[in-house]
Amino acid sequence: MTTSPNNDWVALCEAKRNAQAASIPPSWVITPPAPDTQLNVLDIPQTCGLLTPRELEITEFGARDVSELVEKLAKGEWSSVEVTTAYYKRAIVAHQVTNCLTEIFVDRALARAKELDEYLAQNGKPIGPLHGLPMSLKDQFTMKGLETIMGYASNIGKFAEEDCVLVEMLYDLGAVPFVRTNVPQTLMWGETHNNVFGRTTNPYNRGLTPGGSSGGEGALLAMKGSPLGIGTDIDGSLRIPSAFCGLYTLRPSYERLPYYGASNALTGQESISSVLGPMSTSLSSLKLLTRSLIDARPWEKDPLVVRKRWCEDEYKLVEHGGGKGMVFGVIWDNEVVRPHPPLVRAMKYVKQALERAGHKVIDWKPLNHIDIYKNAQTILVADGGEDYKRDCALSGEPLITSMSPEAGAHPIPGEAAHSMELEVSLVKTLLWQLHNEKRALRKAYLDHWNSTKSITGTGRPVDAIISPAVAYTAVPHGLNYDSFYTTLGNSMDYACSGFPVTFVDPKLDVPLPPHEFHNHEDEAFYKLYHPDLFPGVPVGLQLIGRTLEEEAVIRMTEIVDSALRKWKGENGLQ
């Protein structure tokens, strides 16, 4: 932790951490293994002795299929109290080994679960489509009576007077919000560390990052400490932690889902909107949450939400050949940074699986990706970091400018840790020019996509694009600064999903020989790959659809996932 002339923030952070520790029931405290003795902690819930066999059964079941878990809750086969208790205990275990949580409010959540059980018993029907379901939320979604720290010491002691629209709707839909999860200071990092709660680690390997900024959600969900979480994404913050932690996610288009009332960074920057979306080990969660929120008419509570109802024809892929004989483009290399060998292998797996299922896969030719990236990043730093500096100044805490640990940083030969650059990049009058440039880039990409109609053989353009979400898998703390693949979706406002494919295998994922590099980042990423550093960590990809095409993206992700599972089964692969 960096020192500051004003040390009041240090006492604030210590008091908040002590309050968090006191919110954990003493009987739920375990003795976690030291990080240097056990890197992979995925088995701790089964071995620590805290969860009963019944609680393990519940949490393992929910990790496989959230929609079936909701059915059991709606029918009263499992009570919300027992399900919430099981997940709470598993979440607390996950926190003790990965430091993934911020707000812990056991009594409040269990009281809510008890109310739902009583309602079901008295009325013989559930409150809504999420009845009794415990849900975790990124530490941006304000809840009445709770602090929303959002990675800043200055937010300690500030209690929300009302729920944000999302939380209000989740209560109406019958859900049980039960924990909130850690984020990086400023939110604008692909890792998760702040001065208040500290660093969150990846449960597959605690020497690696779970990603960010929804990294607390990523770590918690990978530990099966929640059946369904909600994160946010302005530059990859849903897809990056999902890729690093083996999860499914959906990055919807701007304003499709309700964001009003949530805390945020860069408030007022509206050219590239932050969006919220589901994260889970269960693919069924994508449709469950998205449809539940849309069917509840969020535009009546959030004035920015697009007035678009759930479209079943879009989900049935009426405009995509009914889901038969589709054509997918694959971005093997976006001509900015080349993906590491595990990502290339994952894309080959998906290509073979889709072709085996009767679909066509073609090479996607990138267009203006470096220009899109530069335009987006310039927009996001247009205030020269004043937003971050202002929030830090309120408490006197220092601005974190590197995610590298002060001790124990992993040595990568030839690679230096990335630091946040906070130089004023333009004057305000030039921001309009950036917006105009962004519109031109969107139009060019739209035309480029539409032009593929001439080569697909279906009479329509490519149905969706498959690409890495990140050029590499989870990396040592301080070394993740790749949003070169996710920025495309945020800047072009494409609906995107993330899905797991495989795991790193050093025998299969051998380093590539030296080659000509696109740029210095491409060279740095090449030097970062050491296969023995990443064995067994998840390898995930993203599926990119068109703007406001969430229904179709969800269904196409289901088709890809099903084809992949069948193909891997036929070939004896995991």
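Do you know which of the residues in region 383-409 that are in a loop (DSSP other than H, G, I, E, B) and among the acidic types (Asp, Glu) is farthest from His193 (Cα to Cα)? Steps first, answer last, please.
Step one: list which residues in region 383-409 are in a loop (DSSP other than H, G, I, E, B), which gives 383-385, 394-401, 403-409.
Remaining after also requiring among the acidic types (Asp, Glu): 383, 397, 406.
Working: Asp383: 22, Glu397: 14, Glu406: 12 Å.
Filtering region 383-409 for residues that are in a loop (DSSP other than H, G, I, E, B) and among the acidic types (Asp, Glu), the one farthest from His193 (Cα to Cα) comes out as Asp383.
Take the conditions closer than 30 Å to Leu533 by Cβ, buried (at least 24 other Cβ atoms within 10 Å of the Cβ) and out of contact with any strand residue (DSSP E or B) (no Cβ under 9 Å at 6 or more places or on another chain) and apply them to Pro184. Does it pass?
Answer is no for this residue.
Return the total of residues in region 115-147 being under 21 Å from Phe197 (Cβ atoms), out of contact with any Cys (no Cβ under 7 Å at 6 or more places or on another chain) and hydrophobic (A, V, I, L, M, F, W, C).
4
Within the group Val475, Val504, Val510, Val537, which residue is β-branched (Val, Ile, Thr), farther than 24 Å from Ile362 by Cβ and surrounded by fewer than 20 Cβ atoms within 10 Å (Cβ to Cβ)? Talk me through it step by step, then tell me what you get.
Values: Val475 fails: surrounded by fewer than 20 Cβ atoms within 10 Å (Cβ to Cβ); Val504 fails: surrounded by fewer than 20 Cβ atoms within 10 Å (Cβ to Cβ); Val537 fails: surrounded by fewer than 20 Cβ atoms within 10 Å (Cβ to Cβ).
Of Val475, Val504, Val510, Val537, the one residue that is β-branched (Val, Ile, Thr), farther than 24 Å from Ile362 by Cβ and surrounded by fewer than 20 Cβ atoms within 10 Å (Cβ to Cβ) is Val510.
Residues are listed down the side, and each one gets a yes or a no for (1) basic (Lys, Arg); (2) over 24 Å from Pro53 (Cβ atoms); (3) touching a Phe, Trp or Tyr at 6+ places or on another chain (Cβ under 9 Å):
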| residue | (1), (2), (3) |
| --- | --- |
| Leu69 | no, no, yes |
| Gly76 | no, no, no |
| Ser79 | no, no, no |
| Lys89 | yes, no, yes |
| Arg108 | yes, yes, yes |
| Lys114 | yes, no, no |
| Pro126 | no, yes, yes |
| Leu133 | no, no, no |
| Lys138 | yes, yes, no |
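With respect to Ala524, determine if the residue is in contact (Cβ under 8 Å) with a residue 40 or more places away in the chain, in contact with a helix residue (DSSP H, G or I) (Cβ under 8 Å, 6 or more places away or on another chain) and of a type in the set (A, V, I, L, M).
Values: in contact (Cβ under 8 Å) with a residue 40 or more places away in the chain: yes; in contact with a helix residue (DSSP H, G or I) (Cβ under 8 Å, 6 or more places away or on another chain): no; of a type in the set (A, V, I, L, M): yes.
No.
For the list (1) in contact with a Gly (Cβ under 7 Å, 6 or more places away or on another chain); (2) under 22 Å from Ala471 (Cβ atoms), I need the number of the one condition that Gly358 fails.
Here Gly358 meets the rest and fails (2).
What pairs can you find where one residue is in region 539-565 and farther than 13 Å from His320 by Cβ and touching a residue at least 60 places away in the same chain (Cβ under 8 Å), the other is among the small types (Gly, Ala, Ser) and in a helix (DSSP H, G or I), and their Cβ atoms are less than 7 Å apart, with a gap of 6+ or different chains?
What qualifies is Val539/Ala346; Gly540/Ser242; Gly540/Ala243; Leu541/Ala346; Ile544/Gly489; Ala563/Ala353; Leu564/Ala353.
Working only within region 323-334, note down all residues that are buried (at least 21 other Cβ atoms within 10 Å of the Cβ) and either part of a loop (DSSP other than H, G, I, E, B) or out of contact with any strand residue (DSSP E or B) (no Cβ under 6 Å at 6 or more places or on another chain) (or both).
Met326, Ile331, Asn334
When you look at Val337, is it under 27 Å from Val537 (Cα atoms), assigned to a loop (DSSP other than H, G, I, E, B) and under 22 Å from the mean Cα position of the chain (by Cα), yes or no? Before you say what the answer is, go through the steps one by one.
Values: under 27 Å from Val537 (Cα atoms): yes; assigned to a loop (DSSP other than H, G, I, E, B): yes; under 22 Å from the mean Cα position of the chain (by Cα): yes.
For Val337, the condition - under 27 Å from Val537 (Cα atoms), assigned to a loop (DSSP other than H, G, I, E, B) and under 22 Å from the mean Cα position of the chain (by Cα) - is met.
Within region 215-245, can you find the residues that are closer than 23 Å to Val70 by Cβ, of a type outside the set (S, T, N, Q) and in a helix (DSSP H, G or I)?
Within region 215-245, Glu217, Gly218, Leu220, Leu221, Ala222, Cys245 qualify.
So in region 519-534, with the set limited to residues that are part of a loop (DSSP other than H, G, I, E, B) and surrounded by fewer than 17 Cβ atoms within 10 Å (Cβ to Cβ), which one is modelled with the highest pLDDT? Explain how you work it out, then say what you get.
Kept after step one, since they are part of a loop (DSSP other than H, G, I, E, B), are these residues of region 519-534: 519, 529-530, 534.
Narrowing the set further to residues that are surrounded by fewer than 17 Cβ atoms within 10 Å (Cβ to Cβ) leaves 519, 530.
Values: Asn519: 95, His530: 91.
Among those residues, the one meeting the criterion is Asn519.
Take Lys287 and decide whether it is of a type in the set (D, E, K, R) and part of a loop (DSSP other than H, G, I, E, B).
no
Taking Ser292 as the residue in question, decide whether it is at pLDDT 95 or above and in a loop (DSSP other than H, G, I, E, B).
Values: at pLDDT 95 or above: yes; in a loop (DSSP other than H, G, I, E, B): no.
So Ser292 does not fit the description; no.
Identify, from the list Lys125, Lys114, Lys144, the residue that is farther than 22 Å from Ser213 by Cα and either modelled with pLDDT under 95 or part of a helix (DSSP H, G or I) (or both).
Numbers: Lys125 fails: either modelled with pLDDT under 95 or part of a helix (DSSP H, G or I) (or both); Lys144 fails: either modelled with pLDDT under 95 or part of a helix (DSSP H, G or I) (or both).
Only one candidate passes the filter, namely Lys114.
Residues of region 454-472 being touching a Pro at 6+ places or on another chain (Cβ under 9 Å) and assigned to a loop (DSSP other than H, G, I, E, B), which ones?
Across region 454-472, the qualifying residues are Val470, Ala471, Tyr472.
Which residues, counting only those in region 125-147, are surrounded by fewer than 22 Cβ atoms within 10 Å (Cβ to Cβ) and either among the acidic types (Asp, Glu) or over 25 Å from Ser284 (Cα atoms) (or both)?
Lys144, Gly145, Leu146, Glu147
Do we find a residue being touching a Lys or Arg at 6+ places or on another chain (Cβ under 6 Å) and modelled with pLDDT of 95 or more anywhere in region 425-437?
In the first step, residues of region 425-437 are kept if they are touching a Lys or Arg at 6+ places or on another chain (Cβ under 6 Å); the result is none.
No, region 425-437 contains no residue that is touching a Lys or Arg at 6+ places or on another chain (Cβ under 6 Å) and modelled with pLDDT of 95 or more.
Working carefully through the options Pro203, Pro258, find the one that is in contact (Cβ under 8 Å) with a residue 60 or more places away in the chain and farther than 25 Å from Ala86 by Cα. Before the answer, list the steps.
On the way: Pro203 fails: farther than 25 Å from Ala86 by Cα.
So the residue among Pro203, Pro258 that is in contact (Cβ under 8 Å) with a residue 60 or more places away in the chain and farther than 25 Å from Ala86 by Cα is Pro258.
Go through region 473-498 residue by residue and tally those that are part of a loop (DSSP other than H, G, I, E, B) and small (Gly, Ala, Ser).
4
A quick yes/no check of all residues on (1) surrounded by fewer than 18 Cβ atoms within 10 Å (Cβ to Cβ); (2) assigned to a loop (DSSP other than H, G, I, E, B):
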{"position": "Gln20", "(1), (2)": "yes, no"}
{"position": "Asn40", "(1), (2)": "yes, yes"}
{"position": "Arg54", "(1), (2)": "yes, no"}
{"position": "Glu77", "(1), (2)": "yes, yes"}
{"position": "Glu82", "(1), (2)": "yes, no"}
{"position": "Ile92", "(1), (2)": "no, no"}
{"position": "Glu103", "(1), (2)": "no, no"}
{"position": "Ala109", "(1), (2)": "no, no"}
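Return a yes/no flag: does region 310-318 have any residue that is loosely packed, with under 15 Cβ neighbours inside 10 Å, aliphatic (A, V, I, L, M), modelled with pLDDT of 95 or more and not in a strand (DSSP E or B). Talk me through it step by step, then tell me what you get.
The initial filter retains those residues of region 310-318 that are loosely packed, with under 15 Cβ neighbours inside 10 Å, namely 312-313, 316, 318.
After this cut, where a residue has to be aliphatic (A, V, I, L, M) as well, the list is 318.
Pick out the ones that are also modelled with pLDDT of 95 or more and you get 318.
Keeping just the survivors that are not in a strand (DSSP E or B) gives 318.
Yes, that holds for at least one residue.
I need the full set of residues from region 43-60 which are within 19 Å of Val179 (Cα to Cα), within 27 Å of the chain's Cα centre (by Cα) and not acidic (Asp, Glu), in order please.
Taking region 43-60 and keeping what is within 19 Å of Val179 (Cα to Cα), we get 45, 50-51, 55-56, 58-60.
When the remaining residues are screened for being within 27 Å of the chain's Cα centre (by Cα), the result is 45, 51, 55-56, 58-60.
Of everything in region 43-60, those that are within 19 Å of Val179 (Cα to Cα), within 27 Å of the chain's Cα centre (by Cα) and not acidic (Asp, Glu) turn out to be Pro45, Leu51, Leu56, Ile58, Thr59.
Answer yes or no: is there a residue in region 247-262 that is assigned to a helix (DSSP H, G or I) and either over 21 Å from the mean Cα position of the chain (by Cα) or buried (at least 24 other Cβ atoms within 10 Å of the Cβ) (or both).
Taking region 247-262 first, the residues assigned to a helix (DSSP H, G or I) are none.
No.
The values are calculated or read from the model by the stated rules, or taken from the named source; none is laboratory data. In this text the structure is predicted, and so the values were computed from the model without any measurement. Please note: Cβ atoms are built from the backbone with ideal geometry, for glycine as well, and neighbour counts cover all protein chains shown.
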